[in-house]
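Notes to accompany the following structure.
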Amino acid sequence: MEDGTIITRAREWLNQGTGKTAALVAGLALLAGAAVWALRDEKDRKIDTIAAQGRRVLYVCKNPSCKARGTMRVPYEDEWPQPCPQCKETQAVKGFKCRQCGYILERTGAAAIRCPKCGRVHHNQGPTEDPSPPPKRR
Ligand SMILES: [Zn+2]
Ligand SMILES: [Zn+2]
């Protein structure tokens, strides 16, 4: 039976050693390419997610009827004060953790701040945020 000669020849070529190797290499290259693309997309998605979530910072709410304190996420281009996650008033300011008891104190820039919980005096105010830098696209 004389069917499509090109297909027949291609099949014969594929059944030879070199043809098999070439097909295998081509297939692997395609797979590798697809994997690279998939990973790249995954990385971009992660960067978008991290950028959208912002960074975690310690905050103290200045609203006298709220006085919330804890951690929250703010955009990377943050401006203070931020909206308080508890009372929604734009009265949340940067805080730092007491090195002795972990209580979150307002970061005022004063030379010394005394922790109202344990009395420890802080001459150096600790970091307000986790040290991770903003994610960057290549
Ligand atoms: Zn508040
Ligand atoms: Zn303390």
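Computed from the coordinates by the stated procedures, all read-outs in this text should not be read as laboratory data. All values reported here derive from a predicted model rather than from experimental measurement. Please note: Cβ atoms are built from the backbone with ideal geometry, for glycine as well, and neighbour counts cover all protein chains shown.
Under the simplified labelling scheme, the residue 90-residue 44 pair shows an inter-label distance of 3.4 nm, with each label point 7 Å from Cα along Cα→Cβ.
A cut-off of 5 Å between modelled amide H atoms, ignoring neighbours fewer than 5 places along the same chain, links residue 95 with 58, 59, 60, 107. Could you tell me which of 50, 15, 27 has its Cα farthest along the dipole of the stretch 5-51 towards the positive end, charges placed at Cβ (Lys, Arg +1; Asp, Glu -1), taken about the Cα centre? Selected residue: 15.
Sort out the exposed loop GluC sites (Glu not before Pro) in the chain (DSSP loop, at most 13 other Cβ within 10 Å) and tell me the longest stretch that has none. Excluding the exposed sites themselves, the longest stretch runs over 3-76.
Computed from phi, the 3J(HN,Hα) profile of the stretch 31-39 under the Karplus parametrisation 6.51, -1.76, 1.60 (θ = phi - 60°) reads 4, 4, x, 5, 5, 4, 5, 4, 5 Hz, with x in place of Gly and Pro. What the Cβ-Cβ distance of residue 99 and residue 71 gives, at R0 = 22 Å and to the nearest 0.05, is a FRET efficiency of 0.85. Here residue 31 and residue 80 are evaluated by their C-beta separation; at R0 = 35 Å the FRET efficiency comes out at 0.10. A simple spin-label model places pseudo-atoms 7 Å from Cα toward Cβ; at residue 13 and residue 121 they are separated by 8.6 nm.
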